[in-house]
Structures are given as C-alpha cells and as structure tokens.
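K.L.:
One structure follows; several queries about it will come next.
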Amino acid sequence: MEIKVPELAESITEGTVASWLKQPGDQVEKGEAIVELETDKVNIEVPSDEAGILSEVMAAEGDTVRVGETIAIITAGGESAQPTEAAPAPESKETPVAEEPKKEQPAAVAATEATSHADRPIASPAARKMAREKGIDLAQVATQDPLGRIRVQDVATFEVAPREQAQAPQAPAPQAAPPAAAPGKPEERIKMSRRRKTIANRLVEVQQTAAMLTTFNEIDMSAVMSLRKRRQEKFVKDNEVKLGFMSFFTKAAVAALKKMPYLNAEIQGDEIVLKKFYDIGIAVSAPDGLVVPVVRDADKKNFGEIEKDIINLAVKARDNKLGLSDLTGGTFTITNGGTFGSLMSTPILNGPQVAILGMHAINLRPIAIDAERMENRPMMYVALSYDHRIVDGKEAVTFLKHIKDLLEDPESLIFEA
C-alpha cells in the first residue's frame, strides 16, 4: 500500500517531512502515524490505513513533498521488503557455482539502506542521504543521540579524516570556501523551518504593503489586580482555571472594537470588509516560532470560557497539535510581550488584520495622584499598531483610551462587553 501526502488545507499544496515516526522494517498498526509533515501553519501526522510493515520510505527528513505524492510503502500482512530480498538465499542450492551471490549483489546493496540492518549503523533517511552526497562512511560518524541513531546534524558536523581527503580528487575544491568565515571563530548554520520561513515572509510582506503606525498609552492595573485577588478563589472553584489578565484584555478589546469597527476589518482590493464577529487571535510562543490561535466568538463568552480557550490553545501550540481551524480567520490580535519581560514594543500587524494590541510587563512606578500626592502603582504600557490606510490616528488613540478606561474600572466590562 502506498502512503501519499494527504490534502493539507485550502491553498496549501506542499509540506516538509519533519520526522519519520516509523523506520523501514517497523511494524505499523492500522491508524498509527508513520510520518509528521510540517506545513506553513501546522504539523500534521499521516497515519497508515492498513496494518503491515513499513518497507520503504521515499522521502528524507527535510525533503519537500507535494499533495498526492507517494512517500512510503506499507507491505501488508507482516512481510517486509527485507525478508523478500533474503528469500532467494535457499535457491542458491539449486543454482550452480557461485554466480547466485553476484545476482543477489544489488539486493544486498539495497539492504544497506535499511536502518534495521544488523551490521549497519542506525541513521535517519536524511542523514543517509547527506552521507551519500558527501561521501561519508556512517560507521565513522559519532552521535550524541542516546539511542545511537545518527541524525543529520551528526553528518553535517562530521569532518572527514585527512587521509581520506587526500585520496578524494574533489577535496581541494572545498578548501577555497573557508576564507569566507573568520578563522578560529565558531559558527553554526541552521536551516530555517518551513514555518519560520513563512512567518518571516509574512512579516516582511505586512511591512511592505501596510501603512503601519503605532500609538501608546499606559494602564494602572491596580483595579484589575485587586479584583483578581478578591475573586480568584471563587473563580477557580466555578471554572477550574485561574483568572488571568488575558481575559480582561480580550473583553476590553471586544468592547473597544464595537465602538471602533474599522479596527475589526481588513482590506480586500479596493473594499473595506468590516467584520461583524469577534474572533480574537492570542499570540503564543511555540517551539517553531510565534503562532496566533484564535478564540472564536469572544464577544459571546464569559471570562471563564475565554481563559479555558486560551489555556487549551497554548497547550496545543506547545505540543504542535494546533489545527488549521485553530489558526485561521482571526479579526484582531493581542500579543503579550510582558510574559518575557518586555517593557515596550511596536507589534507587527498579523495580516490581513489591520490592528494588533500589545501588552507589556507590569512594573511599579511612581504616579501622580493629584498635585500634591504620589503613589507607586502597578503600571503597564500598551501599544496599538494599526494600518493607517483605513484607521485614522483619532480612532486608534480613542480605541486605546477606551481599553485603558475599561481596565482601570474592570467592573464596567460586565456592562460593556
């Protein structure tokens, strides 16, 4: 049975082989994932529709594969490709002389590619491919993998012995490359993942196509912190999650978007599309870079429901389990650099959205209460980046001021959103 790259999502026609979860010769159960594919947005595990033996993989880790392309072969019934190649051995009794081993030579060579071969080092398909290209003997490559499996990085950092370099006629050519690097200065080259390249391209695209501007304000978080302290125990009892800051900002953002609808919009050609729903993207740090899963219909959810959604999405992001439905269709984004200690920043738009709210660290700062009094208050700088093509400065400043007013009087959120 052939394992093909499945339909990934609309507009996504290819992916990258992130890792093989099974190796040639491994038993595979029906429905068991055998390979993980990385797309521009999410990672997808491809299962086998039948039980059997993974007899062949046709793409190495790091290879780009297209929808519909065959990437592996499953041999049904528990017969792998290796026993099939070994079967002709008894026939040598019926065939004369020693010519039969010569006929079997190609099969023996092919068998060396299988990672389960007893007298060969265990290595990933990508590592074997790189070793072949560089003419490296995998038996000489050391690995830090606790299971002894040779990875791509082991081959990439392997240095061929001087004696072998002298024997190779191509060896002098690569020696012309070192002058590009400073002698004695260590460096490491890491290939960008498909998702990281997509993030980079989209951020550059937004800066090139949008008239992006950022406005700032500051919020006294005393009232929110006091409310959380008073209500936390009951909130946890009722909702089984803690009351965080993000639900306050989500509810405040929805209320402000209702008053300033052009911030909950996007540009399509020469038209402005005003969204009459509020799907709020919450930026989350994931292993492969920042992702923005979406809290759907945030205007219809209470604080507990929003907190649960945010926690679930954050866990899925960390585990690379986000689906395309979790990441598409957001109307407005909130990003919290304060979790990493950021005091102030200018967030970049999450296109095609036209606005993004940036939260930052809460720090005690002396604040003038009146002409005679000063107090230390927990203050947060907030930033709103917006597309000046359809959002005017007055709207942006008013939006951020409304956020400030709501959070400095958080009980008002009950009536506003």
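K.L.:
When you scan segment 239-247, do you find a residue that is of a type in the set (Val, Ile, Thr), over 19 Å from ALA361 (Cα atoms), surrounded by 15 or more Cβ atoms within 10 Å (Cβ to Cβ) and in contact with a strand residue (DSSP E or B) (Cβ under 8 Å, 6 or more places away or on another chain), even just one?
P.N.:
Step one: filter segment 239-247 for residues of a type in the set (Val, Ile, Thr), giving 241.
Next, from what is left, pick out any that are over 19 Å from ALA361 (Cα atoms): 241.
Next, from what is left, pick out any that are surrounded by 15 or more Cβ atoms within 10 Å (Cβ to Cβ): 241.
With the extra rule that they be in contact with a strand residue (DSSP E or B) (Cβ under 8 Å, 6 or more places away or on another chain), the set shrinks to none.
The answer is no; no qualifying residue exists.
K.L.:
Give me the pairs, please: first residue somewhere in segment 325-348 and in contact (Cβ under 8 Å) with a residue 12 or more places away in the chain, second residue anywhere and outside any strand (DSSP E or B) and surrounded by fewer than 16 Cβ atoms within 10 Å (Cβ to Cβ), beta-carbon distance under 8 Å, and either six or more positions apart or on two chains.
P.N.:
So the pair list comes out as THR331/PHE277; ILE348/LEU203; ILE348/GLN207.
K.L.:
Evaluate the following for ALA371: is it hydrophobic (A, V, I, L, M, F, W, C), in a helix (DSSP H, G or I) and in the same structural domain as SER222 (by TED's automatic domain parsing)?
P.N.:
no
K.L.:
Taking VAL382 as the residue in question, decide whether it is surrounded by fewer than 18 Cβ atoms within 10 Å (Cβ to Cβ), closer than 30 Å to GLN268 by Cα, in the same structural domain as TYR278 (by TED's automatic domain parsing) and at pLDDT 95 or above. Talk me through it step by step, then tell me what you get.
P.N.:
Numbers: surrounded by fewer than 18 Cβ atoms within 10 Å (Cβ to Cβ): no; closer than 30 Å to GLN268 by Cα: yes; in the same structural domain as TYR278 (by TED's automatic domain parsing): yes; at pLDDT 95 or above: yes.
No: the conditions fail for VAL382.
K.L.:
Could you list all residues from segment 297-320 that are free of Cβ contacts under 8 Å to residues at least 24 places away in the same chain and part of a loop (DSSP other than H, G, I, E, B)?
P.N.:
ASP297, LYS301, ASN302, ASP319
K.L.:
Which residue out of THR95, THR75, THR112, THR84 is on the phi < 0 side of the Ramachandran plot and at pLDDT 85 or above? Before the answer, list the steps.
P.N.:
Numbers: THR95 fails: at pLDDT 85 or above; THR112 fails: at pLDDT 85 or above; THR84 fails: at pLDDT 85 or above.
Testing whether each residue is on the phi < 0 side of the Ramachandran plot and at pLDDT 85 or above leaves just THR75.
K.L.:
Residue by residue through segment 321-343, note down the ones that are crowded, with 16+ Cβ neighbours inside 10 Å, part of a loop (DSSP other than H, G, I, E, B) and not polar (S, T, N, Q).
P.N.:
Correct list: LEU322, GLY330.
K.L.:
Which numbered condition trips up GLU416, out of (1) more than 23 Å from ALA256 (Cα to Cα); (2) at pLDDT below 95?
P.N.:
Of (1) more than 23 Å from ALA256 (Cα to Cα); (2) at pLDDT below 95, only one is false for GLU416: (1).
K.L.:
Look through segment 274-289, keep the residues that are surrounded by 15 or more Cβ atoms within 10 Å (Cβ to Cβ) and closer than 15 Å to GLN353 by Cβ, and return whichever of them is modelled with the lowest pLDDT.
P.N.:
ALA283
K.L.:
Let me ask you something else. Could you list all residues from segment 142-163 that are modelled with pLDDT of 75 or more, surrounded by 19 or more Cβ atoms within 10 Å (Cβ to Cβ) and in contact with an Asp or Glu (Cβ under 8 Å, 6 or more places away or on another chain)?
P.N.:
THR143, ASP154
K.L.:
I would also like to ask the following. What's the total number of residues in segment 346-359 that are in contact with a helix residue (DSSP H, G or I) (Cβ under 6 Å, 6 or more places away or on another chain) and over 20 Å from PHE248 (Cα atoms)?
P.N.:
The total comes to 3.
K.L.:
Among (1) under 24 Å from ILE190 (Cβ atoms); (2) buried (at least 22 other Cβ atoms within 10 Å of the Cβ); (3) not charged (D, E, K, R), where does PRO293 come up short?
P.N.:
With (1) under 24 Å from ILE190 (Cβ atoms); (2) buried (at least 22 other Cβ atoms within 10 Å of the Cβ); (3) not charged (D, E, K, R) applied to PRO293, the lone miss is (1).
K.L.:
Can you say whether GLN232 is more than 16 Å from GLN353 (Cβ to Cβ) and among the polar types (S, T, N, Q), as far as the supplied structure shows? Steps first, answer last, please.
P.N.:
Values: more than 16 Å from GLN353 (Cβ to Cβ): yes; among the polar types (S, T, N, Q): yes.
Considered against the rule, which asks whether it is more than 16 Å from GLN353 (Cβ to Cβ) and among the polar types (S, T, N, Q), GLN232 comes out as yes.
K.L.:
Mind counting the residues in segment 389-415 that are farther than 18 Å from ASN217 by Cα, under 35 Å from the mean Cα position of the chain (by Cα) and of a type outside the set (A, V, I, L, M)? Break it down stepwise before answering.
P.N.:
Of segment 389-415, the ones farther than 18 Å from ASN217 by Cα are 389-390, 411-415.
Among the residues that remain, those that are also under 35 Å from the mean Cα position of the chain (by Cα) are: 389-390, 413.
Next, only the ones that are of a type outside the set (A, V, I, L, M) stay: 389.
Qualifying residue count for the region: 1.
K.L.:
Still on this structure: Could you look through segment 190-210, keep only residues that are of a type in the set (Val, Ile, Thr) and free of Cβ contacts under 8 Å to residues at least 40 places away in the same chain, and pick out the one that is farthest from ASN320 (Cα to Cα)? Steps first, answer last, please.
P.N.:
Going through segment 190-210, the residues of a type in the set (Val, Ile, Thr) turn out to be 190, 198-199, 204, 206, 209.
Keeping just the survivors that are free of Cβ contacts under 8 Å to residues at least 40 places away in the same chain gives 190, 204.
Numbers: ILE190: 20, VAL204: 24 Å.
It comes out as VAL204.
K.L.:
Can we say ALA253 is under 21 Å from VAL391 (Cα atoms) and surrounded by 18 or more Cβ atoms within 10 Å (Cβ to Cβ)? Lay out the reasoning, then the answer.
P.N.:
Numbers: under 21 Å from VAL391 (Cα atoms): yes; surrounded by 18 or more Cβ atoms within 10 Å (Cβ to Cβ): yes.
Yes; evaluated as a whole, the condition is true for this residue.
K.L.:
Taking into account only those residues within segment 168-206 that are surrounded by 10 or more Cβ atoms within 10 Å (Cβ to Cβ), part of a helix (DSSP H, G or I) and of a type in the set (S, T, N, Q), which is modelled with the highest pLDDT?
P.N.:
So the residue we want is ASN201.
K.L.:
Cβ-Cβ below 9 Å, separation at least six or inter-chain, first residue in segment 361-377 and among the polar types (S, T, N, Q), second not in a strand (DSSP E or B): which pairs?
P.N.:
ASN363/LEU343
K.L.:
Being at negative phi and either small (Gly, Ala, Ser) or in contact (Cβ under 8 Å) with a residue 60 or more places away in the chain (or both) is the requirement here; does MET380 meet it?
P.N.:
Judged against the criteria, MET380 is a match.
The values are calculated or read from the model by the stated rules, or taken from the named source; none is laboratory data. This structure is a prediction, so every number in the text was calculated from the model and none was measured. All Cβ positions, glycine included, derive from the backbone under ideal geometry; neighbour counts span all protein chains shown.
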